[in-house]
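The values are calculated or read from the model by the stated rules, or taken from the named source; none is laboratory data. The model shown is predicted, which means the values in this text are computed figures rather than measured ones. Cβ: placed from backbone, ideal geometry, glycine included. Neighbour counts: every protein chain shown. Heavy atoms of the whole protein, side chains included, go into the accessibility calculation; ligands, DNA and RNA do not. Shrake-Rupley method; radii C 1.70, N 1.55, O 1.52, S 1.80 Å.
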Amino acid sequence: MGSVQIVTTILAAAITAVAVWLAVRAVMKMTAVIRLGQPAPERSSDKGARTKTMLVETAGHTRMLKWGVVGAAHWFVMVGFIVLSLLVLEAYFEVVTPTGGLPIIGHWTVFGLATEIITVLGLIGILVLMVIRLRNRPTRPGGRSRFTGSTMWQGYFVEWIVLLVLIFGLLIRGFKVATDHFEYPPWATPVSHAVGAVLPDWSDGASVAALIKIAISMTWLIVISLNVTMGVAWHRFLAFPNIFFKREPAKPAGSGLGALRPMTSQGKPLDFEEADPEKDQFGVAHVEQFSWKGLLDFSTCTECGRCQSQCPAWNTGKPLSPKLLVLSLRDHAYAKAPYLLAGGGKDLTGEEKATQAQLAHLDVLALAEADKPLIGTAEEGGVIDPDVLWSCTTCGACVEQCPVDIEHVDHIVDMRRYQVLIESSFPSEAGVMLRNLENKGNPWGAPQNTREDWTKGLDFEVPRVGEVDDFEYLFWVGCAGAFEDRAKKTTRAVATLLNEAGVKFAILGEGETCSGDPARRIGNEFVFQMLAQQNVETLNEAFEGRDKTKRKIVATCPHCFNTLGNEYGQLGGEFEVVHHTQLLAHLVATGKLTPVQPVDGGVTYHDPCYLGRHNRIFAAPREVLGDSIAGDLTEMPRNSERSFCCGAGGARMWMEEKIGKRINVDRVEEAMATGAKTVAVGCPFCSTMLNDGVNGKGAGEQVEVIDVASVLLRSVKPEQPQGGKETAPIGG
Ligand code: SF4
Ligand code: SF4
């Protein structure tokens with residue numbers, strides 16, 4: 001070993017020792033913070049499916065590749081990081097001797113070729129990512145950036161480190177080539193040979209370049225170890241467990257979509273017949289009341305801003321960005337952690353758990369952080385502003401987009417639950433809706449005995465469950481479908497089409513109450529459970545004696561469809577629920593319904609969030625609107641998975657939209673820009689919101705917003721009077 005190698009070896013060992021010591025400390029700190037969360041026993045089930053999903057999502061980059069160029073570039077960088085870690089390891093042999101290499105595989109041509117290819121593709125990938133970050137930097141002139149609010153220096157730092165490590169990898173090889181100590185043939189390592197051709201014949205060059213490469217890599221490790229909230233770097237490790245422990249591993253996308261998690265205390269679902277607010281946790285009031293998976297979610301955020309770029313609230317000037325919400329919770333959790341780890345925290349009656357002695361040596365900043373209310377205005381020092389919390393429509397665009405499977409909607413609703421159930425703090429205008437749900441069983445407060453009014457004037461009998469036994473489908477009408485004037489037209493259209501196709505169906509009539517969706521999504525789990533239990537009982541009675549495959553329900557409202565199909569199972573109600581567009585598509589495909597008349601003026605289709613993103617039903621409504629009706633359907637730029645919310649979900653239908661541009665107006669402008677004269681929808685709330693938007697623009701005469709079922713009915717029975725355009729105001 002020469003004198004240069006003695007120095008390079010000592011320096012490499014020293015910086016590595018410091019970096020590893022700091023990294024171990026950082027991992028212990030992160031583990032301790034994540035362990036502060038509540039139990040989540042269900043996250044350990046089905047390890048086989050979890051492992052498979054984790055491998056598919058990471059190795060295949062299935063979620064990242066939804067954004068083609070970024071996804072591909074990131075894939076090369078990820079593979080580069082994993083495979084080229086071997087080259088960092090090899091550098092430790094090279095600081096000792098410039099001709100050194102990895103034992104066994106170090107001189108194998110296949111290894112030389114593979115690492116050469118990955119180095120070149122990694123270089124291209126990181127340069128692409130650097131250009132994308134620069135072109136989308138928040139400070140660029142004009143436009144909103146998905147990186148707004150991201151810690152930009154951290155992104156640049158990580159990218160430069162990757163670039164430099166790759167460059168120094170090539171330099172090491174180049175010096176070996178230049179000194180004739182490189183064993184791989186030129187055909188397998190052409191770039192290394194090209195670099196070597198321009199480098200001097202310096203015998204210590206490889207050792208010095210290896211030292212610099214190690215120093216760069218260890219600087220990265222030191223910096224991220226000193227910044228445990230640096231998700232842009234830590235996600236390289238945390239993404240694996242975060243994907244492994246996602247809510248529903250079998251779901252290919254959007255694990256945190258569809259059903260909401262039940263309200264839990266100590267990891268167990270709460271039953272309101274036994275729950276006690278002095279003993280049980282009602283929602284989330286403090287950051288440590290999220291589950292450990294929640295805290296892992298917050299730690300894993302890469303700050304990529306994909307969620308932010310799709311969020312309807314953020315895109316219409318509201319203060320909510322799902323990314324900033326996650327970052328606020330992450331920063332708060334880590335800043336509060338010393339206090340919690342010292343034994344601090346509030347019990348369920350609000351009393352401090354720690355003794356004076358336990359908190360005596362705590363950093364004043366940690367104590368100040370502990371005093372912050374989780375939900376509160378800037379003046380109150382809150383972590384999350386109430387306007388942020390209540391701006392969410394639960395549309396799921398953030399969950400759909402997140403490459404590391406963060407479950408934003410669950411976290412938002414958990415915080416709402418505490419605000420509603422314990423603090424009674426929510427937008428006051430929604431109080432009327434909640435009172436109506438409790439007292440009348442529907443959000444509009446309409447009399448229960450008018451639930452069947454929509455059947456009046458139909459030229460056939462609509463049977464009730466109990467009057468007939470041999471029905472195939474129970475037609476779940478929903479509150480909007482029964483009481484809201486526009487939605488009633490959809491209900492009538494569906495019933496007419498089912499009757500026309502010879503489908504045996506029956507309704508519950510006055511036996512039906514609200515599915516509970518708005519109560520659950522505003523956070524009132526108590527009212528949700530009350531309504532849901534009542535409905536589950538009624539439905540179980542209606543289907544008594546039938547097995548699950550014969551307990552079929554058709555619903556016109558995607559919110560009811562989602563709640564009955566995905567959430568009633570949590571309360572003992574197992575049903576086969578279809579959306580009316582699915583059933584109608586089947587009836588058209590099997591020739592039971594035949595569209596004969598096309599629609600004039602072009603059609604565009606708006607995907608409802610709770611049908612599309614939350615339940616991945618994109619094809620059925622488009623099939624109903626198929627060639628014979630709509631000709632070439634004109635898609636809006638934001639469609640299918642990337643559809644833009646109408647603004648009504650998450651109980652926002654019953655809240656005023658006081659901040660920013662109205663979401664429905666934004667969507668209507670997009671729909672109108674297609675030039676289509678018909679905007680087809682598959683949800684009564686979307687219908688209301690988009691109709692309001694069209695009318696607000698004074699375009700009610702030119703553009704019609706109408707349910708897919710009504711479009712089909714017009715085509716199947718063009719001679720039948722359709723009852724005019726669906727532009728009536730909310731009734732009931
Ligand atoms: S669910 Fe929709 S509105 Fe809510 S934060 Fe996510 S993207 Fe935004
Ligand atoms: S998409 Fe996921 S990882 Fe990216 S900023 Fe949003 S929450 Fe973080």
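Quick look at the values:
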| read-out | value |
| --- | --- |
| Reciprocal of mean inverse Cα separation for the range 434-586 (Kirkwood radius, Å) | 15.4 Å |
| 1.4 Å probe accessible area per residue over the range 242-282, in Å² | 46 Å² |
| Radius 11 Å from Cβ of Lys346, net charge of other residues (Lys, Arg +1; Asp, Glu -1) | -4 |
| Base-10 log of normalised Debye intensity for the range 575-679 (one unit scatterer per alpha-carbon) at q = 0.12, 0.19 Å⁻¹ | -0.47, -1.04 |
| DSSP-assigned coil residues among trypsin sites (Lys or Arg not before Pro) in the range 398-499, each with at most 11 further Cβ atoms within 10 Å | Lys456 |
| Charge sum, other residues only, whose C-beta stays under 14 Å from Ser207's C-beta, Lys/Arg counted +1 and Asp/Glu -1 | 0 |
| Gyration tensor (Cα) of the range 250-389, equivalent ellipsoid semi-axes in angstrom | 27, 21, 15 |
| Members of Lys268/Lys440; Lys52/Lys246; Lys489/Lys697; Lys246/Lys268; Lys318/Lys661 lying beyond 19 Å, as alpha-carbon distances in this model show | Lys268/Lys440; Lys489/Lys697 |
| Val158 - accessible surface, heavy atoms, 1.4 Å probe, Å² rounded to 10 | 10 Å² |
| The range 196-289: relative contact order as a whole-number percent, Cα under 8 Å and 6+ apart | 11 percent |
| Residues Val191 and Leu127, FRET efficiency given R0 of 22 Å [Cβ-Cβ distance, rounded to 0.05] | 0.90 |
| Centroid-to-centroid separation of the range 455-492 and the range 45-83 [C-alpha atoms, Å] | 46 Å |
| Percent antiparallel among DSSP beta bridges (both partners in the chain, rounded to 5) | 10 percent |
| Where the range 385-468 is the region considered: accessible area per residue in Å², 1.4 Å probe | 36 Å² |
| Hits among aspartates and glutamates - C-alpha to C-alpha of Lys176 under 12 Å, sequence gap 8 or more where chains match | Glu94, Asp201, Asp204 |
| Rounded to 10°, Cα long-axis angle of helix 47-59 versus longest principal axis of the chain | 70 degrees |
| Whether the range 63-120 is rounded, prolate or oblate, judged on the alpha carbon gyration tensor where a/c under 1.5 counts as rounded | prolate |
| Whole-angstrom gap from the range 611-654 to the range 364-384, using each part's C-alpha centre | 40 Å |
| Stokes-Einstein D in µm²/s, Kirkwood radius over Cα pairs - the range 267-342 at 20 °C with 1.002 mPa s viscosity | 147 µm²/s |
| Reach of Lys336 by Cα under 23 Å, taken over lysines that are not fewer than 8 positions away in the same chain | Lys29, Lys293, Lys323, Lys346, Lys353, Lys372 |
| Loop sites in the range 260-313: GluC sites (Glu not before Pro), DSSP, at most 15 other Cβ within 10 Å | Glu273, Glu274, Glu278 |
| Accessible-area value, Val18, 1.4 Å probe, nucleic acids and ligands omitted, Å² | 70 Å² |
| Tail beyond 25 Å, pair distance distribution of the range 81-230 (Cα, percent) | 35 percent |
| Square roots of five times the Cα gyration tensor eigenvalues for the range 210-267, Å | 36, 14, 8 |
| Helix-derived mean residue ellipticity, 222 nm - over the chain, DSSP H n ≥ 4, -39500 (n - 2.57), to 500 | -15500 deg cm²/dmol |
| Rounded percent of accessible protein surface that carbon and sulfur make up, the chain, 1.4 Å probe | 59 percent |
| Per the chain, cysteines lacking a partner by the 4.7 Å Cβ criterion | Cys301, Cys304, Cys311, Cys392, Cys402, Cys479, Cys514 |
| Calculated diffusion of the range 406-494, Stokes-Einstein form, Kirkwood radius summed over Cα pairs, 37 °C and 0.692 mPa s, µm²/s | 206 µm²/s |
| Taking the C-alpha atoms of the chain, convex hull volume expressed per residue in Å³ | 183 Å³ |
| Solvent accessible area, Å² - Glu351, 1.4 Å probe, full protein context | 110 Å² |
| Rg followed by Dmax, in Å, when the range 1-122 is reduced to its Cα trace | 19.7, 58 |
| Hull volume in cubic angstrom per residue (convex hull over the Cα atoms of the range 313-446) | 141 Å³ |
